[in-house]
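First comes the structure, then the notes that go with it.
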Amino acid sequence: MESELQKDMLKIVVFGALDAGKTTFVETLSGKELLMKGEVGRITNSFDFVQLDHDDYLIQLFATPGHRRFSFMWPTLATGMHGAIFLIDSTVGISPVDQELIEFISKYDVPYVVAINKDDLVHLSVKDVKTKLELPDEIPIIHTSSFTKQNLDLVMNTLIGIITNRNNK
Ligand SMILES: Nc1nc2c(ncn2[C@@H]2O[C@H](COP(=O)(O)OP(=O)(O)OP(=O)(O)O)[C@@H](O)[C@H]2O)c(=O)[nH]1
Ligand SMILES: [Mg+2]
């Protein structure tokens, strides 16, 4: 088996508004204790970090703070990322912070996947999300639940597939 050191590293960053479920997403997906869990009173004020062994890659997975007060962290965490996951909180719908975040992510020339999270509570339509965020056709939009693990692997595999295709061109 290839050792972790021989694998290519991918930096993937999870964005989303306050409480969208970013920390839970990273914890559930990894299934292990985070190397960094930067929260106080369940509000992330710095970042979360975990390292994952994924087939050909070593994934460095970060989650950002959603609170507007800590948005100064977003550019720092985005530096050098190979791809992003953007979480929407289905129980809230599309908020002004979502609009701001999608603009922010789009400025980086990296692939991203939109996850409509908390699908176990409220089901938002893909069409609605796509229209409200004015997403280009090529952006994958996937229903997820950080609680039930619904489609978390699919989100990660979809994003890694796009990054790999792009790197091979
Ligand atoms: N039902 C349900 N609850 C969720 C899901 N994801 C997260 N939660 C809950 O939503 C709340 C916020 O989750 P966090 O993972 O802390 O959200 P966050 O996006 O990291 O929050 P900030 O980093 O502070 O912006 C917690 O009570 C979670 O248990 C989900 O998919 N379904
Ligand atoms: Mg968090």
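When only Cα pairs below 8 angstrom with a gap of at least 6 residues are kept, the chain shows a relative contact order of 23 percent.
Among the trypsin sites (Lys or Arg not before Pro) within segment 19-50, those in coil by DSSP and having at most 12 neighbouring Cβ atoms inside 10 Å are K32, R42.
The residues neighbouring F15, those whose beta-carbon lies less than 15 Å from its own, together hold a net charge of -2 under the Lys/Arg +1, Asp/Glu -1 convention.
When GluC sites (Glu not before Pro) are flagged only if DSSP places them in a loop and at most 11 other Cβ atoms lie within 10 Å, the longest unflagged stretch of the chain comes out as 34-133.
All distinct Cα pairs of the chain go into the 1/r average, and the inverse of that average, the Kirkwood radius, is 15.9 Å.
Fully extending the segment from E39 to M9, taken as 0.36 nm per residue of separation minus the present Cα-Cα distance, adds 8.2 nm. Qualifying chymotrypsin sites (Phe, Trp or Tyr not before Pro) in segment 1-98, where qualification requires a DSSP coil assignment and no more than 13 other C-beta atoms within 10 Å, comprise F72. Comparing Cα centroids, segment 94-167 and segment 7-32 end up 13 angstrom apart.
Every read-out reported here was derived from the displayed coordinates using simple, explicitly stated rules and does not represent laboratory data. Because the structure is predicted, anything quoted here is derived from the model rather than measured. Virtual Cβ from ideal backbone geometry, glycine too; neighbours counted across all protein chains shown.
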